[in-house]
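Engineer: Please find one structure pasted underneath; my questions will follow.
The values are calculated or read from the model by the stated rules, or taken from the named source; none is laboratory data. The shown structure was predicted, so the numbers you read here are calculated from the model rather than taken from an experiment. Here Cβ is always computed from backbone atoms with ideal geometry, including for glycine, and neighbour counts include all displayed protein chains. We work out accessible area using only protein heavy atoms, side chains counted, and drop any ligands, DNA or RNA first. Shrake-Rupley method; radii C 1.70, N 1.55, O 1.52, S 1.80 Å.
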Amino acid sequence: MSIDLLTKLEEEKDQWIYKAIDRFDEGFLRFDGQKFKKDEVLVGVYGPTQVGKTTLILTMLGIGDEKIAHLSKALRGKRQKGNSSTITSFIYKRSEDENFYLIFPDKTRICCSSLDELETEISMIRQQIEEGEVSFDKPIILWIARQYFTNRRFAEKSRSISIIDLPGDDTKEKKEEKYVNHILTTYMPYCSVCLVMEISSKVVRLFQLDQPTVRDWMYYPQNFRLVITRCLQSTSVKNAIESGEIATLEDFRANYLHHVNRNDIEIPNQIYPLECGDSWLELKQRNSTVYQKAKAWIDHLFIELLNDLLNVKTPENQIMRIKNMQHSIYRQKSVDLEQIDKDIDQIKESLEEAGQSYSNLTMASQYLLEELGHYEELITDLDKIQLEKFRCRLYTKFEFDPKKDQVVFKDRKTTRLIESFNEVEWEMEEFYKKQLGERARKLKQILREIISSAKFDFQTEPQVKALSLNHIGGLDQYLVFKHFEEDYKIVLDTLNENNTLVYEYYNNQLRHFKLFVKAELMRLCGVKEQHKRMTLEKIKEKQDQKIQQEMSLAKLEEKKTRAQWEWNHDLERPRMLDEILKEEFVKAVSVWQEKLFAKQTTDVERWVYHQYCQIISKQAERIIGNEYF
């Protein structure tokens with residue numbers, strides 16, 4: 001029981017720190033919702049262009065020597081070798097499958113199944129950035145296909161490590177300077193450790209860094225490590241290795257410690273003299289004496305570096321890193337807020353004038369769009385106005401014998417046929433009269449919308465054919481059924497013919513009126529469309545002017561906001577972290593103390609709880625400070 005309790009408490013003893021970190025992250029260090037796991041290390045790699053950052057990152061992650069050249073080529077995005085391959089900051093991770101994935105700041109995700117596809121996508125990103133089509137103020141996450149991790153020893157070590165390629169501050173373009181400052185200021189606090197890189201022949205530049213977030217690297221050895229690259233390219237170093245003057249890893253490292261230490265100041269940071277990439281492959285291919293002697297040293301240094309990085313993932317180290325990084329992050333450039341306000345007011349005044357003009361044009365455009373929409377609705381309504389043709393149902397006027405399917409004898413009369421003809425003719429007249437009234441009302445309603453003075457009425461004197469029966473004699477009753485059939489057909493044919501004549505007579509008038517109204521509507525649409533096009537051109541002109549002014553204003557306001565935020569955050573953030581830590585510590589201790597004093601707790605369990613309360617109290621003293629305890 002006591003063993004189980006010890007195991008449980010050992011697992012729980014750091015949870016209060018993790019909870020505090022989570023709360024702190026939620027309120028202050030939000031990484032776009034992409035929080036790193038508590039056992040994951042984010043490593044920043046900082047250095048000037050062409051120092052070999054990408055090659056170092058790939059090597060650390062476990063990309064095999066035979067794969068690096070091909071992968072590096074793809075990451076250059078069709079850029080010539082010798083030029084900087086970095087177009088924006090990337091966070092490198094290991095994919096769980098054999099595909100590459102690019103995850104953009106807006107969470108857009110692109111899958112690449114081959115290096116060629118990856119190279120094409122990165123080339124497109126480069127082109128869009130260089131042409132100003134897009135800009136990223138946050139890193140792109142690149143998941144590298146798992147089959148490229150052939151250095152299994154390094155790959156296993158780095159499995160819980162994510163690496164962000166931080167841009168160097170040696171850019172020559174002003175438009176990139178702001179991006180560099182933003183990335184470094186925003187993302188450096190997330191890094192458990194930052195590797196500051198430099199070429200072995202130019203280590204003096206380490207002491208000439210201007211970037212506030214990294215220039216004080218020697219004062220924060222717990223947060224910064226030095227990586228010296230191309231350490232086997234110097235002729236003097238090669239000769240020393242071949243002659244035996246540099247015979248051990250300690251000799252090799254001491255040689256570069258001597259170069260880095262200056263003015264009799266001992267640099268407290270860990271230093272890793274490394275070799276990787278093309279120069280390392282060249283030594284390997286030649287199988288030179290230098291390669292044979294140095295291979296074990298370089299492998300050992302990489303493993304040592306990876307172990308060093310993994311050792312910083314303890315919760316206490318995370319808290320101390322956050323606290324210590326504040327001091328360098330808050331070394332902000334002084335900003336003349338008063339001058340910025342003057343510039344902002346000047347642009348706002350100009351924007352207000354342009355905005356009024358833009359607003360008027362936009363309202364005019366909206367009104368024209370509504371008019372066009374209304375006319376299009378009228379055209380649609382006009383097309384729906386149709387004349388229905390009357391159906392002559394002569395058979396309903398007679399009684400039929402169901403057995404013979406004939407008109408019964410009593411209904412076979414001349415007068416019956418004539419009466420039925422007149423009744424159907426009357427029904428036809430009423431049918432069209434009602435329809436014409438409804439259609440005329442709709443047409444007039446549409447016409448009034450476009451020509452208020454226009455008037456029209458249907459002509460109502462259609463020419464119809466008179467009825468002429470063949471078998472009119474002395475008797476009203478048809479004695480011969482065939483004669484009745486012939487006259488019945490004449491009545492039906494005459495009704496159908498008259499129906500067609502009347503329908504065409506009214507339908508032609510309706511079609512004529514519709515064509516006239518539609519033509520007028522189309523003419524009005526054309527006029528309004530031309531007005532709309534001219535208005536939109538003016539709006540586009542004003543909009544372009546407005547965008548330029550808004551961009552200038554946004555830059556100034558962003559500059560002002562950032563300056564204000566930096567100072568406010570400088571004052572509040574460390575204090576809030578300590579408050580959160582204290583709250584979570586009190587919660588954790590309270591839970592254990594409650595169990596410590598519970599009646600059912602055994603003496604052994606009480607002793608265990610007491611010991612672990614003491615352990616986390618010591619933790620809190622180290623992290624928060626003795627003055628709180």
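Engineer: Suppose each label sits 7 Å from its Cα in the direction of the beta carbon; what would the E579-E242 distance come out to in nanometres?
Structural biologist: Roughly 6.6 nm, to one decimal.
Engineer: Round to a whole angstrom and tell me the spacing of the C-alpha centers of region 218-284 and region 331-410.
Structural biologist: 74
Engineer: Further question: Given 0.36 nm per residue, what is the gain on full extension from D308 to E156 after removing their alpha carbon distance, in nm?
Structural biologist: Gain on extension, D308 to E156, equals 53.3 nm.
Engineer: I've got another one for you. Provide the per residue accessible area, probe 1.4 Å, for the chain, rounded to a whole number of square angstrom.
Structural biologist: Result: 55 Å² per residue.
Engineer: Note the listed values (1) 20, 55, 23, 2, 0; (2) 14, 29, 20, 13, 13, 10, 2, 0; (3) 19, 34, 22, 15, 8, 2, 0, then indicate which one is P(r) over Cα pairs in 20 Å bins from 0, in percent calculated from this particular structure.
Structural biologist: (2)
Engineer: Further question on the same structure: Can you show me the helix-derived [θ] at 222 nm for the chain, built from DSSP H runs with n ≥ 4 at -39,500 (n - 2.57) apiece and divided by the number of residues, rounded to the nearest 500.
Structural biologist: Helices in the chain give a 222 nm mean residue ellipticity of -20500 deg cm²/dmol.
Engineer: Looking at the chain, send over the antiparallel percent of its DSSP beta bridges, to the nearest 5.
Structural biologist: The answer is about 35 percent antiparallel.
Engineer: Right, another one. Could you work out the per residue convex hull volume over the alpha carbons of region 39-138, in cubic angstrom?
Structural biologist: 126
Engineer: I'd like the accessible area for T460: 1.4 Å probe, protein heavy atoms, all chains in place, Å² to the nearest 10.
Structural biologist: Accessible area of T460: about 90 Å².
Engineer: Determine the shape class of region 579-627: with a ≥ b ≥ c the square roots of the Cα gyration tensor eigenvalues, call it rounded for a/c under 1.5, and otherwise prolate if a/b is greater than b/c, oblate otherwise.
Structural biologist: Oblate.
Engineer: How much length is gained if the chain between E520 and K284 is pulled fully straight, taking 0.36 nm per residue apart and subtracting their Cα-Cα distance, in nm to one decimal?
Structural biologist: Residue separation times 0.36 nm, minus the Cα-Cα distance, leaves 76.5 nm.
Engineer: Another question, if that's okay. Which order do the peptides 62-68, 618-624 take when ranked by the mean count of other beta-carbon atoms within 10 Å per residue, highest first?
Structural biologist: Descending packing order for the listed peptides: 62-68, 618-624.
Engineer: To continue, here is another question. Run the simple label-point estimate for K384 and A69 please: 7 Å along Cα→C-beta, distance reported in nm.
Structural biologist: 7.3
Engineer: With every protein chain kept in the model, how would you rank W607, W297, W143, W217 by accessible area, 1.4 Å probe, largest at the top?
Structural biologist: Of W607, W297, W143, W217, the descending order of accessible area is W607, W143, W297, W217.
Engineer: While we're here: When the accessible area of the chain is computed with all protein chains present and a 1.4 Å probe, what percentage of it is carbon and sulfur? Mind showing how you got there, number by number?
Structural biologist: On the way: 17200 of 34710 Å².
That fraction is 50 percent.
Engineer: Quick one: putting +1 on the C-beta of Lys and Arg, -1 on the C-beta of Asp and Glu, what dipole do you get for the chain around its Cα centre, in Debye to the nearest 20?
Structural biologist: Dipole size: approximately 720 debye.
Engineer: Then there's this: Quick one: if the Förster radius is 51 Å, what FRET efficiency do N422 and V527 give, using the C-beta to C-beta distance and rounding to 0.05?
Structural biologist: About 0.45, to the nearest 0.05.
Engineer: Next question. To the nearest 10 degrees, how steeply does helix 289-310 sit against the main Cα axis of the chain, on a 0 to 90 scale?
Structural biologist: 70
Engineer: Provide the solvent-accessible area of H70, counting protein heavy atoms only and rolling a 1.4 Å probe, rounded to the nearest 10 Å².
Structural biologist: 120
Engineer: What nm value, rounded to one decimal, do you get for the distance between V480 and K434 when each label is placed 7 Å out toward the C-beta?
Structural biologist: Distance between label points: 4.1 nm.
Engineer: Can you tell me how region 415-552 classifies by the Cα gyration tensor, rounded, prolate or oblate, using a/c under 1.5 as the rounded cut? List each step's numbers first, then the result.
Structural biologist: On the way: a/c = 5.78, a/b = 4.53, b/c = 1.28.
Cα axes put region 415-552 in the prolate bin.
Engineer: For the chain, what relative contact order do you get, as a whole percent, if you take Cα pairs closer than 8 Å and at least 6 residues apart?
Structural biologist: 16
Engineer: Within straight cross-link reach of K560, meaning Cα distance under 21 Å, which lysines are found once same-chain residues fewer than 8 apart are removed?
Structural biologist: Within reach: K138, K174, K175, K178, K333, K342, K348, K546.
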